[in-house]
Amino acid sequence: MRASAGLGALQDFTTDKAMLRAAADQIRWYPSGRGELSAYRALGADPTSDIQEFNAVPGGAFQYQEVENYRETVFTVGVLDSLRRVVHAMAPLPGRKSVIVLSDRLPAAVREITDGPMEARTTTRVDGSGPILNRMRLCIDQAARSGVVIDAIDTRGLASLAISAADESRMIHKIGVAQQVEGGELAMKERHEIHDQDQAGGWYLASETGGLMIPEANDIGAGIARIYADMNSYYVLGFHPPEEAFERSPDGRPIFRRITVKVKREGLQVRSRSGFFGMADEETAPRPQRAELALESSLDSPFGSSAVNLQLRSSFVSARKNQWLARTSLWVDARDLTLEGPTYNRSGIIHLLVRAFGAGGTALEGGIDEVLKVSLDAEGYDRAMKYGLVYSTVIPVAKSGPYQIRAALLDQASGKIGTANQFLMVPRQPGHGFLVSGVVLPQMMTKENDITPASGPASFAPGQAVPFAFEVIGGAGEKALLVSTLLYRDGELVKRTAFRPLQPSGRTLHGSLFAKSEIAIPEGAPVGDYRLQVVVSEGASAPAGRVASQWVDLAISNSR
């Protein structure tokens with residue numbers, strides 16, 4: 001999760017490796033950052049700083065540092081607020097949890113000028129009342145209440161911290177050799193101080209929550225592996241603080257109460273939480289939101305809400321050449337909704353949000369924000385109770401790339417909320433080939449922008465044939481196309497069908513080919529989640545011709 005990106009297609013907790021790889025592909029060098037092209041900014045390289053300091057503009061160095069301090073405070077506070085929101089959202093998750101902060105700059109306080117203009121240099125003063133340290137303490141308090149450990153990794157890697165040719169000593173300016181030596185020493189001191197300052201926040205968060213700080217590591221993967229190994233062994237200690245722990249300071253603010261954990265055995269070291277703010281859990285709990293605001297918040301959260309059971313299936317189809325649509329179907333467990341009235345007309349009101357987000361965090365145009373009435377006769381009510389409800393819509397997608405489709409539903413009578421999301425990768429159209437669109441399963445197909453009882457169960461049973469449909473996009477002759485299906489469970493191949501001729505079911509105005517096929521679930525297949533791969537080839541031997549494939553998730557249960 002990128003603190004600067006806001007909500008995006010890749011901002012969810014997931015076990016989908018395709019989504020994780022897409023998130024890694026989105027990591028970019030930030031040109032407005034402080035590090036420039038190297039891990040450490042060249043000393044004296046800022047022309048504004050040179051003019052202000054070397055020409056001794058009255059107050060210039062102080063004004064420049066004030067601007068830098070403001071900028072650093074704003075960005076650091078933003079990162080810490082994002083961190084606290086994530087830690088707070090992890091509270092309901094079971095077990096011991098860890099958040100790893102990867103950063104090349106996380107100070108605990110801003111730097112302040114302490115000397116006169118001719119020796120204008122800065123130092124770090126930890127101000128207990130400063131906004132950065134206050135935000136860190138709030139993160140530490142929230143981590144204690146949520147059972148979360150904060151670990152940190154300095155991503156700058158190993159560095160000698162020596163003065164290089166890119167640095168310009170602030171004291172070497174038409175002065176003698178002795179002063180040049182002094183200037184070099186001052187520059188070295190500043191480089192070391194900047195290095196320590198940029199790690200201070202990581203050290204503080206890790207030490208105060210019982211986590212690890214891994215500095216100067218060229219191998220970030222090894223650092224993550226070390227943190228992962230550390231998660232395998234821990235103790236949980238709980239206690240009820242005394243009443244005096246909740247006494248406030250004279251100005252009414254809660255006081256940070258420290259906790260000390262000691263062990264009697266020699267040679268052992270303890271990493272534990274350092275303390276908490278003297279506030280009861282009721283004070284730290286979020287204030288109740290209006291149902292509509294809670295619905296909007298649930299759509300933005302990286303954690304799902306399951307008071308209403310939802311399943312989301314989204315696939316891309318072509319609208320026209322090089323333009324796409326995200327065809328989205330939502331399955332709703334009708335038993336979680338409040339449906340009242342006589343048996344011949346059961347009804348309820350739901351508020352539905354469906355949106356697509358790009359990798360940068362912006363919501364795409366389109367999407368659904370509707371208040372819908374669910375109205376069912378006796379037969380429809382029985383079918384909804386047995387199979388659920390289905391809603392379908394399409395959202396325009398401007399270009400290829402990773403997207404996140406999110407849905408949130410509010411049952412207005414009970415106030416219950418359910419959420420669902422799916423990662424969708426829209427591939428780039430090949431220059432001399434074809435694509436296979438998303439795979440559509442029949443029980444998720446219905447009239448667009450209408451909520452109706454499903455035609456069948458959301459899962460399949462062993463021995464049942466699973467029909468599906470897809471689109472072949474691009475230049476491909478239907479007579480030469482063959483299709484094969486592969487069924488996987490936990491990465492293991494369960495069944496593979498031989499290549500057979502494609503069954504076309506029509507063409508679009510721009511030449512794309514609609515097709516259908518099916519696969520029979522093996523008898524005795526264990527219950528669980530499966531992945532179905534559809535492979536389309538211009539020849540039975542894949543290397544001989546062009547090949548395209550697509551995946552879809554499906555569930556197998558014992559009930560039909």
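FYI, it's all coordinate maths here, none of it is from the lab. Everything numeric here is computed off the predicted structure, so don't read it as measured data. Note that each Cβ is placed from the backbone with ideal geometry, even for glycine, and that neighbours are counted across all protein chains shown.
Listed values, structure above:
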| item | result |
| --- | --- |
| Förster radius 60 Å - calculated FRET efficiency between LYS447 and ARG71, Cβ distance, rounded to 0.05 | 0.70 |
| Full-extension gain in nm, LYS189 to ARG496, via 0.36 nm per residue minus C-alpha separation | 104.0 nm |
| Most to least packed among 78-91, 264-277, 362-375, 193-206 [average Cβ atoms within 10 Å] | 193-206, 78-91, 362-375, 264-277 |
| Calculated FRET efficiency for the pair SER82/ASP369, C-beta based, R₀ 22 Å, to 0.05 | 0.30 |
| For ALA359, distant residues with modelled amide H under 5 Å away | ALA9 |
| Convex hull volume per residue for the stretch 317-472, taking Cα atoms only, in Å³ | 121 Å³ |
| Length released on extending from SER297 to GLU340, taking residue separation times 0.36 nm less the Cα-Cα span | 12.7 nm |
| Estimated FRET transfer efficiency when R0 is 35 angstrom, pair MET231-ASP281 (beta carbons, to 0.05) | 0.90 |
| Estimated inter-spin distance, ALA319 and LYS386, nm [label 7 Å along Cα→Cβ] | 3.8 nm |
| Cut-off 15 Å between beta-carbons: net charge of the residues surrounding PRO342, Lys and Arg +1, Asp and Glu -1 | -3 |
| Among the listed pairs LYS447/LYS495; LYS17/LYS399; LYS399/LYS479; LYS17/LYS416, those beyond 27 Å (Cα-Cα) | LYS447/LYS495; LYS399/LYS479; LYS17/LYS416 |
